[in-house]
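> One structure coming up, written as structure tokens, with questions to follow.
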Amino acid sequence: RLHFLMALSLGDYDIDLTVYGSGAQAKVVCGKHIVTKETVAIKVFSLKTQSNLLCFENEARLLKLCHKIEHVVEARSCFVHKQFGFLVMPFFKKDLLGYVMDNSGLDESFVAPIFKQICTGIQQCHEQGIAHLDIKPENILFDDVNRKAYLCDFGNSHKFDSRLVNIGRRGTLVYCAPEVKIENNPYDPVAADIWSLGILLHVIIAGYFPHSKGEKDMELYHQGYVNLNFIKALVTPSCFDLLTRILAIDPEARLTTQEILHHPWILEHTKTPKSSIASKLTKRFRGVAKNATNASA
């Protein structure tokens with residue numbers, strides 16, 4: 001129950017009663033900076049259980065480690081009051097799932113730059129030794145005006161020292177890699193994130209998961225046998241090739257983030273037009289020439 005807290009000013013923020021997001025460990029409410037009046041999102045954890053406490057501490061610690069990564073949401077502040085933990089973040093009107101639901105049938109040319117941002121963020125997390133382990137549209141905040149994507153919800157994430165960990169299943173079942181779903185099975189958390197990126201890409205393009213509705217089909221899906229027959233008719237051969245290379249059952253056969261970012265489908269939809277490059281160079285050389293003229297005058 002958050003009603004008692006909602007009437008308080010905590011730290012530099014007034015907290016509003018409006019709850020606009022809710023998960024297993026926390027609720028997300030609106031807040032406002034007392035001085036600047038900036039609207040923010042505040043993730044509120046009840047710390048009464050050990051699991052929630054660990055989740056709060058884990059997310060706060062990992063977001064701090066990721067503070068220089070462009071496509072990871074910024075943690076503006078973190079504090080504890082009574083039996084609640086608070087993470088203050090920028091306010092976004094919607095996550096990527098909300099955008100997909102509002103705009104069905106997203107074009108590949110629209111999706112590719114967004115997917116590139118997400119993959120870049122995950123790659124930089126991996127370079128810091130952090131696996132997200134809960135990649136899904138709900139955990140990607142989206143600025144639809146500037147078309148910018150930001151990874152959030154690091155409560156299930158893991159700071160790894162080894163590329164083989166035995167930490168049990170993390171994340172959301174339908175996005176989990178098949179090896180993550182096997183009980184007491186060590187797995188590569190980096191490769192697990194790659195699989196989730198593939199399911200994410202399928203969902204934001206097609207609007208559904210790569211499996212049929214039957215019980216047997218779901219069983220095969222959880223074993224890693226994805227059904228890409230339906231999406232094959234919807235996407236270009238290049239996009240289909242990328243999906244098949246990401247969604248390989250063998251973790252070692254999956255593309256790396258570096259290989260994804262250099263895949264022809266990504267490059268085709270994210271390359272800078274030559275005219276834009278020429279324009280930037282022209283402006284740069286004009287500036288150099290102007291400075292040289294002023295110096296000689």
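Taken together, the values in this text are just the output of simple stated rules run on the coordinates, not laboratory data. All of these numbers come straight from a predicted model, not from anything done at the bench. Note that each Cβ is placed from the backbone with ideal geometry, even for glycine, and that neighbours are counted across all protein chains shown.
> Work out Dmax and Rg for segment 3-90 from the C-alpha atoms and quote the Rg first, both in angstrom.
12.5, 35
> Please compute the modelled spin-label separation between residue 223 and residue 93, points set 7 Å along Cα→Cβ, answer in nm with one decimal.
Between residue 93 and residue 223, the simple spin-label model gives 4.6 nm.
> Here's a follow-up. What ranking do 64-74, 82-92 get when scored by the average of other Cβ atoms within 10 Å per residue, highest first? Provide the component values of the computation, followed by the final result.
Details: 64-74: 16.6, 82-92: 18.7.
Answer by packing, highest mean first, reads 82-92, 64-74.
> Here's another thing I want to ask about it. Please get the size of the charge dipole for the chain, origin at its Cα centre, with Cβ charges of +1 on Lys and Arg and -1 on Asp and Glu, quoted in debye to the nearest 20. Walk me through the numbers on the way to the answer.
Values: 34 positive and 31 negative charges, 222 e Å.
That gives the chain a dipole magnitude of about 1060 debye.
> Also: Once each part is reduced to its C-alpha centroid, what is the distance from segment 186-228 to segment 50-108 in angstrom?
What the calculation gives is 24 Å, centre to centre.
> Would you please give the FRET efficiency between residue 250 and residue 147, computed as 1/(1 + (r/R0)^6) with r the Cβ-Cβ distance and R0 = 45 Å, to the nearest 0.05? Write down the numbers at each step before the final one.
On the way: r = 34 Å, r/R0 = 0.75.
According to the calculation, E is roughly 0.85.
> Mind running the shape call on segment 124-274? Use the C-alpha gyration tensor, a ≥ b ≥ c as the square roots of the eigenvalues: rounded below 1.5 for a/c, prolate if a/b tops b/c, oblate otherwise. Kindly include the intermediate steps, with their values, before the conclusion.
Working: a/c = 1.56, a/b = 1.13, b/c = 1.37.
Oblate, because a/c is 1.5 or more while a/b does not exceed b/c.
> Quick check: net charge around residue 183, other residues with Cβ under 15 Å of its Cβ, Lys/Arg +1 and Asp/Glu -1? Present the calculation step by step, with values, prior to reporting the outcome.
On the way: positive: 169, 170, 181; negative: 179.
Every neighbour counted, the sum reads +2.
> Could you calculate the FRET efficiency of residue 48 with residue 101 from 1/(1 + (r/R0)^6), where r is the beta carbon distance between them and R0 is 41 Å, rounded to 0.05? Mind dumping the intermediate values first?
Working: r = 33 Å, r/R0 = 0.81.
For residue 48 and residue 101, the calculated efficiency is 0.80.
> Could you check the spin-label model distance between residue 39 and residue 20? Points 7 Å from the Cα along Cα→Cβ, value in nm.
With each label point 7 Å from Cα toward Cβ, the separation is 0.5 nm.
> Counting each DSSP H run of 4 or more residues in the chain as -39500 (n - 2.57), what helix-only mean residue ellipticity at 222 nm follows after dividing by all residues, to the nearest 500 deg cm²/dmol?
Numbers: 11 runs with 122 residues, N = 297.
When only DSSP H runs of four or more count, the value is -12500 deg cm²/dmol.
> Here is a follow-up. Provide the gained length on full extension for the span residue 236 to residue 109, in nm with one decimal, where the gain is 0.36 nm per separating residue minus the Cα-Cα distance. Working shown, then result.
On the way: separation 127, 0.36 × 127 = 45.72 nm, distance 1.09 nm.
Length gained between residue 236 and residue 109: 44.6 nm.
> Dipole of segment 3-90, Cα-centred, from +1 at each Lys and Arg C-beta and -1 at each Asp and Glu C-beta, to the nearest 20 debye? Intermediate values should be presented prior to the final figure.
On the way: 10 positive and 8 negative charges, 35 e Å.
In debye, rounded to 20, segment 3-90 gives about 160.
> Along the charge dipole of segment 3-90, Cβ charges K/R +1 and D/E -1, which of 84, 20, 69 sits furthest on the positive end?
Towards the positive end, the residue furthest out is 84.
> Test of understanding: ordering 107, 193, 144 by Cβ neighbours within 10 Å, fewest first, what list do you get?
Numbers: 107 10, 193 25, 144 14.
Placing the least packed residue first, the sequence is 107, 144, 193.
> With the contact rule set at Cα under 8 Å and sequence spacing of 6 or more, what percent relative contact order holds for the chain? Let's see the in-between values first.
Numbers: 469 pairs, mean separation 38.2, N = 297.
It comes to 13 percent, rounded to a whole number.
> A further question follows. Neighbour counts of other C-beta atoms within 10 Å: give me 169, 254 arranged from fewest to most. Write down the numbers at each step before the final one.
Working: 169 17, 254 23.
Least crowded to most crowded, the residues run 169, 254.
> For the chain, how big is Rg over Rh, using alpha carbon atoms and the Kirkwood form of Rh?
For the chain, the value is 1.03.
> Taking 30 Å as R0, compute the FRET efficiency from the Cβ-Cβ separation of residue 27 and residue 185 and round it to 0.05.
Values: r = 33 Å, r/R0 = 1.09.
My answer for the efficiency is 0.40.
> Please get the size of the charge dipole for segment 94-270, origin at its Cα centre, with Cβ charges of +1 on Lys and Arg and -1 on Asp and Glu, quoted in debye to the nearest 20.
Working: 15 positive and 23 negative charges, 12 e Å.
Charge dipole, segment 94-270, about its Cα centre: 60 debye, nearest 20.
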